[in-house]
1. With Rg and the Kirkwood Rh both taken from Cα atoms, where does Rg over Rh land for region 174-297?
2. Sort 77-88, 57-68 by packing, meaning the average of other beta carbons within 10 Å per residue, with the highest value first.
3. Describe numerically, in nm with one decimal, the distance between label points set 7 Å from Cα along Cα→Cβ at residue 314 and at residue 176.
4. Picking from 150, 178, 162, whose Cα lies most toward the positive end of the charge dipole for the chain (charges on Cβ: Lys, Arg +1; Asp, Glu -1)?
5. Please compute the modelled spin-label separation between residue 46 and residue 263, points set 7 Å along Cα→Cβ, answer in nm with one decimal.
6. Which of the pairs 14/71; 183/221; 122/191; 122/183; 183/203; 191/221 have their Cα atoms more than 22 Å apart in this structure?
7. Quick one: the Cα spread of region 113-181 along its three principal axes, in angstroms, biggest first?
8. Using the Cα centre as the reference, give the magnitude of the dipole from point charges on the C-beta atoms of the chain (Lys, Arg: +1; Asp, Glu: -1; all else neutral), rounded to the nearest 20 debye.
Amino acid sequence: MALSKRKYINLYFKALVLVLLLGILYFELTEKENLSKIWASFQQQLASARIGWLLMVLILMPLNWIAETQKWRQFMLRFEPMSHWKAMRAVLAGVAVSLFTPNRVGEYGGRILFVQPENRWKSVIINLVGNFAQFMVLLTAGTAGSVWIMGRFWHLEPLYIQVFALMATIGLGMMFLVYYNIKGVIPIARKIPVLHRVKRFVKDLRVLQQFSRRELSDILKWATFRYAIYATQYFFLLKFFDIKTGILDGYAGIAAIFLLQTSIPLPPVTGLVARGSLAVQVWEQVGANEISSLAATFTLWIINLILPALVGTFSLFYVNIAKTFVHENDCA
C-alpha cells in the first residue's frame, strides 16, 4: 500500500470517528425532548447542597475505566509489552468506536489498533472473555435486583417470582460452568464452518488454554469491581437529583435497569431514549418525576461514555490505522 494511501486512510478514519461523535453529541444536546428541563434540573441541583454527590461520581469515573483496562491488559502482557497508559488509550479508543455499534461491539476494533497486527485476534479473544465475565456479573446482579423489584413494587404472585428466579439461577449456573471450563469452547468453535473463513482467529483460540481458574476468578473480580463502581455512580446521581430511594431499592432498581438495557441491541448513542424510558418506569415506583429520572440517566451517559469517548477519539491520533489493513493484506 502506497505511503500516501496509508496516510489518507488514517486521516479519513480518525476524522470520521471525531465527526460522528461530535455530530451525535450535538444531536442529543439539541434535539432531545425535555433537554431544557433536564438542563434546568441539573443547574438547580448544582446550586444546592447536593453537589458533593456529583463530585463523587466524577471521582469514580477514572476507577471504572482503570478496572476495565486492568481486566484486559493483564493478559495482553503475555504477548507484547504494554504500559498502563497505552492500554488505557486502547480501551478509551474502543469506547469511542463502540458508541456507534450495537451492544458496543466496536470496542474490539478500537482496541486492536493499539496492539501489534499479529496479536489482534488474541486481543479480541481476551476481550471476549472479559466481556463474558462482565455480562455474567450484570445478569447476576440484574436477576437479584429484578426479583426484589417484582416483590417490592410490582407485587407479583410469589410463584411467578420463584419461577423466574429458578430459571435465571439455572441459566447463570450454566454460564458459570462454561466460563470456568472456557477451554471447552475451542473444539466447539472449530466445528463452526463460518469461523474457518477467519483462520487466524481459529488458530488463536489456543489463547483460551492459558486461562487458569484462578485467573478467570481474577477477571470476575475486576468485572464485579467495575459493576459496583458504575452502580454506585448511578446511585449517587439519584441522590444528586433528589430521587428519594433507600439503598436496597436504589441498587435493586439500578440492577434491573442495567439488565433491561442490555437486552436492547442498539448503539449507546441511539439507544439513549429507550434506556431513559426504562429508567422513568423504574424510578416512578419510588415517586420520582420523569425529568429527574431522565436527568440521572443522561448525566451518567455523559460522564461515563461521552467524556471517555472524547479522550479515546484523540487517542486514535497516536496510532497507525492503515497498519492493520496492510498486515491483513500481507497475510491473505
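Just so you know, all these numbers are worked out from the coordinates, no wet-lab data involved. Model, not experiment: these values are computed from the prediction. Don't worry about glycine lacking a Cβ; one is built from the backbone with ideal geometry, like all the others, and counts go over all protein chains shown.
1. Radius of gyration relative to Kirkwood radius: 1.13.
2. The peptides rank, most packed first, as 57-68, 77-88.
3. Inter-label distance under the simple model: 4.3 nm.
4. Ranked along the dipole, the leading option is 178.
5. With each label point 7 Å from Cα toward Cβ, the separation is 3.7 nm.
6. 14/71; 191/221
7. 55, 24, 10
8. 1420 debye
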